[in-house]
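For reference, the structure is listed below as structure tokens.
The values are calculated or read from the model by the stated rules, or taken from the named source; none is laboratory data. All of these numbers come straight from a predicted model, not from anything done at the bench. Every residue, glycine as well, gets a Cβ built from its backbone with ideal geometry; the counts of neighbours run over all protein chains shown.
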């Protein structure tokens, strides 16, 4: 019997990531056109890697796009187009871009932008902002930078159980867009069992929730599961965690060259999913390889 290879429907670029990547390539063409017309073509920078995918970032670097990592590097620039990546940034970065008279092209995912608006409004109204997500992740750091008072970040059950907030605090809960939906619900339930004044905004992106649900369902049926995505991609790591619980033989790879696959004859179904920062050509390469060789 031939092995069946099934690709999850929602594998690969999400709306926000595709929009951000397309924005960079559009800017490359705009500056090329300016140069062709004898105008001043501005250098292009992304604030942080545009997405957590080394292959895409390398391709953009070949086309002259540079990555700046912090406010100090931004301060050193005298001209240029600064593209805000899909993860978003803190308000202070927008202020600095304006102060330096640089051109800002905002490719923040609209779902992330919504969180910025929520925490800005609620913190100004005196609420304690609690972000469920990965502390240190650029999206979470960006969200914190829109709060008018210090926000709290919680990722694990232990952190939530040991949370030290006044019992009468008005708490507004938001989530990193790529957080595990079931884990988010579990953490909120723990919080609500100890604090009464809690308002919850489920800001997990629908595409993330759908991707995780599909991956879990496919992994539960698969004999082998392959998760494709960047090593630094938070949402891809979460897909790997979800799939690993359902399928004992789960691989996490960045590209086809990472895949060292030996499939026993007893295997009937190989499932493939991919993170939101994984280009279609990499997914296709992996899928084609498995179909051809097994």
Legend entry - the stretch 102-126: number of residues that are without any contact (Cβ under 8 Å) to a residue 12 or more places away in the chain and part of a loop (DSSP other than H, G, I, E, B): 1
Legend entry - Output for the stretch 58-72, where each listed residue is surrounded by 15 or more Cβ atoms within 10 Å (Cβ to Cβ) and touching a strand residue (DSSP E or B) at 6+ places or on another chain (Cβ under 7 Å): 65, 67, 68
Legend entry - In the stretch 146-194, the residues that are in contact with a strand residue (DSSP E or B) (Cβ under 9 Å, 6 or more places away or on another chain), closer than 13 Å to residue 133 by Cα and not in a strand (DSSP E or B): 151, 155, 159, 160, 176, 179, 181, 183, 184, 187, 188
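Just need a number here: residues in the stretch 242-294 that are part of a helix (DSSP H, G or I) and more than 16 Å from residue 223 (Cα to Cα). Even if it seems obvious, please write down each step before you answer.
To start, the set of residues in the stretch 242-294 that are part of a helix (DSSP H, G or I) comprises 242-246, 256-258, 280-293.
With more than 16 Å from residue 223 (Cα to Cα) added as a condition, the list becomes 256-258, 280-286, 288-289, 292-293.
Total meeting the criteria: 14.
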Inset, instruction - Tell me which residues, restricted to the stretch 3-29, are surrounded by 15 or more Cβ atoms within 10 Å (Cβ to Cβ) and over 26 Å from the mean Cα position of the chain (by Cα). - result: 3, 5
Inset, instruction - Would you mention how many residues in the stretch 195-225 are surrounded by 15 or more Cβ atoms within 10 Å (Cβ to Cβ), part of a helix (DSSP H, G or I) and either touching a helix residue (DSSP H, G or I) at 6+ places or on another chain (Cβ under 9 Å) or in the same structural domain as residue 143 (by TED's automatic domain parsing) (or both)? - result: 10
